[in-house]
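**Q** Before I ask anything, let me first share the structure, which is written out below as structure tokens.
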Number of protein chains: 2
Amino acid sequence: MARTGRRPGNENTRESILEAARKAFAERGYDGASIRYIATSAGVDPALVHHYFGNKDQLFLAAMQAPMDPGAVLPRVLAGGIDGVGERLIRTLITIWESPAGAAFAAMVRSALQHEWMARMLREFFTSQIVRRIIKHLDIDPAEAPVRASLVASQVVGLAIARYMVKLEPLASLPNELIIKMVGGTVQRYLTEPLD
Amino acid sequence: MARTGRRPGNENTRESILEAARKAFAERGYDGASIRYIATSAGVDPALVHHYFGNKDQLFLAAMQAPMDPGAVLPRVLAGGIDGVGERLIRTLITIWESPAGAAFAAMVRSALQHEWMARMLREFFTSQIVRRIIKHLDIDPAEAPVRASLVASQVVGLAIARYMVKLEPLASLPNELIIKMVGGTVQRYLTEPLD
């Protein structure tokens, strides 16, 4: 997903583009860093960036070595509408965490806690890849969506860390269905319960 | 709190005891590591361990450089009974995270994600310092308490990381009272809602 260019290409060129992209996204944010700006920083033609990485979303995901593409995953989760979206989200995330992508997810979390640039990338990831899709696909007040989504993120990140990284028991051994019901219920509340 | 012996003592001796304690707790767990065993490993008299660190709980907290003493904090939070305990817990934790102890908390989380011995200490901390006190002070089924407490831990750890370490917005800027209401409600559900 994240690192597939259309062909292997020149590894040095690819790496220069990724380096320039990381710097640009961390310094300017997702919206402020254009493909053109990144290409200029890397000393290549913008067409080459598109050729290797596709669009800006895909370049961003490659730059942060994202374990999943929210553009592929979230629309499926959100498509069924607000009813049961909490359980669908947790079910989908458990599948990802228990797949080979789980290790990449853990690496991303570790990195974000050690390097401010990666924390910045994660914040940009949240706004550009998650919140916008929630607003687009779910019938919730767009003004409240960032608050609600960030509450959801706090539970989702905590579940991943406590269950899969620290392996806190009995959480680590609980049946998936119990996690999906209990934590899915939390996600549902954060998305729907009045905030005041 | 955690590192206060009754006097400064010999720093080498203190450090030897702490080293032996970390090793013993990580290898044998909280219950399996006695003060006597730790003293023998460190080549000192058990009385000296008590003299420097107090009881086993206090030695354990010193060994893991715990940012707070649950023996001082939790009874106060739990004393009011099950009603509103979720909000009381989150209110208390926010106070701790926003105090100088917050940095020690963050260091402990980082360490647990990098070093398996620290993850093990954290798991022991959870069982010996948290779950037992919940069973002692709250009127919930002791057989369900570990599951419920580990669900609470997943939300609490995630809140600390997302809000204070990654500084995810708008979570990081939300009024404390909104966090206390929304996340406190989650804690309350995890402690009281039927699990099946």
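The values are calculated or read from the model by the stated rules, or taken from the named source; none is laboratory data. The shown structure was predicted, so the numbers you read here are calculated from the model rather than taken from an experiment. Cβ placement follows ideal geometry from the backbone for every residue including glycine, while neighbour counts extend to all protein chains displayed.
**Q** In region A:139-151, which residues are touching a residue at least 40 places away in the same chain (Cβ under 8 Å), in contact with a helix residue (DSSP H, G or I) (Cβ under 7 Å, 6 or more places away or on another chain) and surrounded by fewer than 19 Cβ atoms within 10 Å (Cβ to Cβ)?
**A** A:I140
**Q** So which residues in region B:9-56 are under 21 Å from B:I130 (Cβ atoms) and of a type in the set (A, V, I, L, M)?
**A** Within region B:9-56, B:A21, B:A24, B:A26, B:A33 meet the criteria.
**Q** Still on this structure, I have one more. Check A:F105, A:F125 and return the single one that is at pLDDT below 95, buried (at least 19 other Cβ atoms within 10 Å of the Cβ) and either within 30 Å of A:P194 (Cβ to Cβ) or assigned by TED's automatic domain parsing to the domain that holds A:Q58 (or both).
**A** Numbers: A:F105 fails: either within 30 Å of A:P194 (Cβ to Cβ) or assigned by TED's automatic domain parsing to the domain that holds A:Q58 (or both).
After applying the criteria, what remains is A:F125.
**Q** Within region A:83-92, identify whether any single residue is in the same structural domain as A:A119 (by TED's automatic domain parsing), of a type in the set (S, T, Y), out of contact with any Cys (no Cβ under 8 Å at 6 or more places or on another chain) and under 25 Å from A:L113 (Cα atoms), and answer yes or no. Show your work before the answer.
**A** Filtering region A:83-92 for residues in the same structural domain as A:A119 (by TED's automatic domain parsing) gives A:83-92.
Of the ones still in play, those that are also of a type in the set (S, T, Y) are A:92.
Still in the list and also out of contact with any Cys (no Cβ under 8 Å at 6 or more places or on another chain): A:92.
When the remaining residues are screened for being under 25 Å from A:L113 (Cα atoms), the result is A:92.
Yes, because at least one residue in region A:83-92 is in the same structural domain as A:A119 (by TED's automatic domain parsing), of a type in the set (S, T, Y), out of contact with any Cys (no Cβ under 8 Å at 6 or more places or on another chain) and under 25 Å from A:L113 (Cα atoms).
**Q** Within region B:166-186, can one find any residue that is in contact with a Gly (Cβ under 7 Å, 6 or more places away or on another chain), without any contact (Cβ under 8 Å) to a residue 12 or more places away in the chain, closer than 20 Å to A:Q188 by Cβ and at the interface with another protein chain (Cβ under 7 Å from one of its Cβ atoms)?
**A** no
**Q** Does any residue in region A:14-26 that is more than 17 Å from A:E116 (Cα to Cα) and at pLDDT 95 or above come within less than 8 Å, Cβ to Cβ, of a residue that is aromatic (F, W, Y) and assigned to a helix (DSSP H, G or I) six or more places away or on a different chain, and which pairs are these?
**A** A:I17/A:Y52; A:I17/A:F53
**Q** Could you figure out which of (1) under 26 Å from B:G80 (Cα atoms); (2) buried (at least 19 other Cβ atoms within 10 Å of the Cβ); (3) more than 9 Å from chain A (Cβ to nearest Cβ) isn't true of B:Q155?
**A** Result: B:Q155 passes all but (3).
**Q** Return a yes/no flag: does region B:93-108 have any residue that is within 7 Å of another protein chain (Cβ to nearest Cβ) and of a type outside the set (D, E).
**A** Filtering region B:93-108 down to residues within 7 Å of another protein chain (Cβ to nearest Cβ) leaves none.
So far as region B:93-108 goes, no, none of its residues is within 7 Å of another protein chain (Cβ to nearest Cβ) and of a type outside the set (D, E).
**Q** Run down B:L59, B:L93, B:L89 and say which single residue is farther than 21 Å from B:S111 by Cβ, aliphatic (A, V, I, L, M) and surrounded by 22 or more Cβ atoms within 10 Å (Cβ to Cβ). Outline the logic, then answer.
**A** Values: B:L59 fails: farther than 21 Å from B:S111 by Cβ; B:L93 fails: farther than 21 Å from B:S111 by Cβ.
Residue meeting the stated conditions: B:L89.
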